[in-house]
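This is the structure I have questions about; it appears just below.
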Amino acid sequence: MEKIYKVSCIGLGHRGFCYLERMQKESNHYELVSLCDLNQKRLSFGKDTFNVKEDNCFTSEDAFFKEKRGDLLVVSTQDRDHVGHAIKGLKLGYDILLEKPISGDKEEIISLIEAQKKYNHKIFVCHVLRYAPAFTKVKELIESGTIGELVMIDAIENVEYRHQSHSYVRGNWRDSKVASPMILAKCCHDLDLLVWYANSPCDTLSSIGDLRYFKKENQPLGASNRCKDCKYKGTCLFDAYKIYIEQQFWGRAMISDERPITDETLKHALDNGPYGRCVYNCDNNVVDNEITVIKFKNGVTANLRMTGFTAHAGRIMKFYGTRGQIDLDEMSGYITVMPFGQKDQRIEISSLIEGVNGHGGGDDGLIHSLYQNLISTKEGSTTLAVSVESHLMAFAAEESRLNNGSSFKIH
């Protein structure tokens, strides 16, 4: 019989639940045995959802880390807690599944690398897009020589205006001092993909961007600081009640810990919590637009554009080679392969992701592949060693942005 990995998890937010739900479906590979979260409501919901024993559920991380309770530790806490929790897990003998970003602090990442070497356990970072069928299909096409030698990549991350307001204006990733700069919090996926496709470490990069719109000077005349008593309620594009209740934006699952989710529980959360604040009067400092230009050591070049000012979400990536072009467009739903002098081929993304979900099937793909990486001596696709490169690029991009777009060498 194959080994069943006993799984402990610290951090029962949206991402933690996503991974545990997928592990629960693979009961021949994973058994969920212990949980930890500061929030008692989340912890109780997790206990009931995943059928974990009461005495193995903790609101105190000290009690949770008092002893080893499984084989694999899922670390899905806030960005600045990741490394501390991962190191505690390594000391106890856990292998680690670590939510991205690893950390917003370069020195913390170095300390985690050193701890992994010392304790000699596996760490896999949740760069889930490497496991998403559309993105893996493009990787296969490039590596098979479909467009010859890769020369340049043009990528845009369409954050979507509601997602921008939810996560990076009102939400947990709004403040780079508490979480991470947006180029890391949102785009470490994109930077990791660029490294993967270019098949090379980064050489140099530069970046420009700013917080253009979501700030006090753009607040409409006479607007209130909370949506509930604002004269623009119902007409403002960022009216929280319209976004979360009327439009049923996916972020509604995160604004309240009450279950089940109802209009009444959402209204109470918006009336009293951070997600009911005016987007023009929050304590946010991360950018809402940024452009990063990259040169890889093998000569491949790339640019990454990130913007919160799009009507719809989805990545668009264009790959230019010596013998053709590939377009990956999540917004249109197609991969288009265009070899020079030949007929274009269109691949419908929905045909690739049938039966899987979460980040275009990447969440399912990660958890499915994780087991094989745990039982194998082979290096996985998103190990700590592999994933560090995208973070070094993000740190350099933020430094460049703060220095008027100066070019920075990565290594």
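Mind sorting LYS409, LYS318 by how few other Cβ atoms lie within 10 Å of their own Cβ, fewest first?
Final ranking by Cβ density, sparse to dense: LYS409, LYS318.
Restricting attention to the stretch 58-112, which trypsin sites (Lys or Arg not before Pro) occupy a DSSP loop and are surrounded by at most 11 other Cβ atoms within 10 Å?
LYS66
Filter LYS3/LYS68; LYS118/LYS177; LYS177/LYS216; LYS186/LYS267 down to the pairs with a C-alpha to C-alpha distance above 25 Å, please.
LYS118/LYS177; LYS186/LYS267
Relative contact order (percent) for the chain, with alpha-carbon contacts under 8 angstrom and 6 or more residues of separation?
21 percent
While we're here: Could you compute the FRET efficiency for LYS66 and ASN303, with r as their C-beta to C-beta distance and R0 at 35 Å, rounded to 0.05?
About 0.10, to the nearest 0.05.
Moving on to the next point. Using label points projected 7 Å from each Cα along Cα→Cβ, tell me how many nm separate ARG212 and ILE375, to one decimal.
5.0 nm
Could you give me the ³J(HN,Hα) list for the stretch 399-411, computed from phi with Karplus coefficients 6.51, -1.76, 1.60 and θ = phi - 60°, whole Hz, x at Gly and Pro?
Along the stretch 399-411, the couplings run 5, 4, 4, 6, 10, 6, x, 4, 7, 10, 8, 7, 10 Hz.
Taking the Cβ-Cβ separation of ASN199 and SER224 as r and a Förster radius of 56 Å, what is the calculated FRET efficiency to the nearest 0.05?
The computed FRET efficiency comes out at 0.60.
Can you give the calculated 222 nm mean residue ellipticity of the chain, where each DSSP H run of n ≥ 4 adds -39,500 (n - 2.57) and the sum is split over every residue, rounded to the nearest 500 deg cm²/dmol?
Rounded to the nearest 500, the figure is -9500 deg cm²/dmol.
Tell me, which longest segment in the chain has none of the GluC sites (Glu not before Pro) that fall in DSSP loops with at most 14 further Cβ atoms within 10 Å?
Looking at the chain, 150-257 is the longest stretch - no exposed GluC sites (Glu not before Pro) with at most 14 other Cβ atoms within 10 Å.
In what sequence do TYR5, TYR119, TYR244, TYR19 fall when counting other Cβ within 10 Å, fewest first?
TYR119, TYR5, TYR19, TYR244
Compute the separation of the alpha-carbon centres of the stretch 72-120 and the stretch 231-300 and state it in Å as a whole number.
28 Å
Label points 7 Å out from Cα along the Cβ direction at ASN39 and SER27: separation in nm?
2.7 nm
For the stretch 359-385 and the stretch 185-214, what is the centre-to-centre distance using only Cα atoms, to the nearest Å?
Measuring centre to centre over Cα atoms gives 22 Å.
Now for a different question. Would you mind calculating the gained length between LYS6 and ASN281 on full extension (0.36 nm times residue separation, minus the Cα-Cα distance), in nm to one decimal?
94.5 nm
Then there is this: Which order do VAL7, VAL300, VAL386 fall in if you start with the one that has the fewest other Cβ atoms within 10 Å?
Least crowded to most crowded, the residues run VAL386, VAL300, VAL7.
Among MET23, GLN78, ILE10, whose Cα sits farthest toward the positive end of the charge dipole of the stretch 5-121 (+1 at Cβ of Lys/Arg, -1 at Cβ of Asp/Glu, about the Cα centre)?
Farthest towards the positive end: MET23.
Could you work out the relative contact order of the stretch 5-121? I mean the mean sequence separation of Cα pairs under 8 Å and 6+ apart, divided by the number of residues, in percent.
25 percent
Additional query: According to the square roots a ≥ b ≥ c of the eigenvalues of the Cα gyration tensor, what is the shape class of the stretch 277-411, taking rounded for a/c under 1.5, prolate for a/b larger than b/c otherwise, and oblate for the remainder?
Since a/c stays below 1.5, the shape of the stretch 277-411 is classed as rounded.
From the phi angles alone, apply the Karplus equation (6.51, -1.76, 1.60; θ = phi - 60°) to the stretch 362-367 and give each ³J(HN,Hα) in whole Hz, x where the residue is Gly or Pro.
Taking θ as phi minus 60°, the curve returns x, 5, 4, x, 4, 5 Hz for the stretch 362-367.
How high is the relative contact order of the stretch 216-276, given as a whole-number percent (alpha carbon pairs under 8 Å, six or more residues apart)?
Once normalised by length, the contact order is 29 percent.
Measuring from a point 7 Å past the Cα of ARG323 along Cα-to-C-beta, which residues in the stretch 148-164 have an amide N at less than 13 Å?
It comes to 148-150, nothing else.
Which ³J(HN,Hα) values, rounded to whole Hz and listed in residue order, are derived for the stretch 172-189 from phi using the Karplus coefficients 6.51, -1.76 and 1.60 in 6.51 cos²θ - 1.76 cosθ + 1.60 with θ = phi - 60°, glycine and proline given as x?
Listing the rounded values in order: 5, 10, 7, 10, 5, 6, 8, 10, 8, x, 5, 4, 8, 4, 9, 9, 5, 4 Hz.
For the cross-link pairs LYS91/LYS117; LYS318/LYS343; LYS47/LYS100; LYS88/LYS378, which exceed 22 Å when the distance is taken from alpha carbon to alpha carbon?
LYS47/LYS100; LYS88/LYS378
Continuing with this model, one more query. Write down, largest first, the equivalent ellipsoid semi-axes of the stretch 216-276 in whole Å, where each equals the square root of 5 times an eigenvalue of the alpha-carbon gyration tensor.
22, 11, 9
Values quoted throughout were computed directly from the atomic coordinates according to the rules given, and no laboratory measurement underlies them. On a predicted model such as this, the values are computed, not experimentally measured, just so you know. Backbone-built Cβ (ideal geometry, glycine too); neighbour counts: all protein chains shown.
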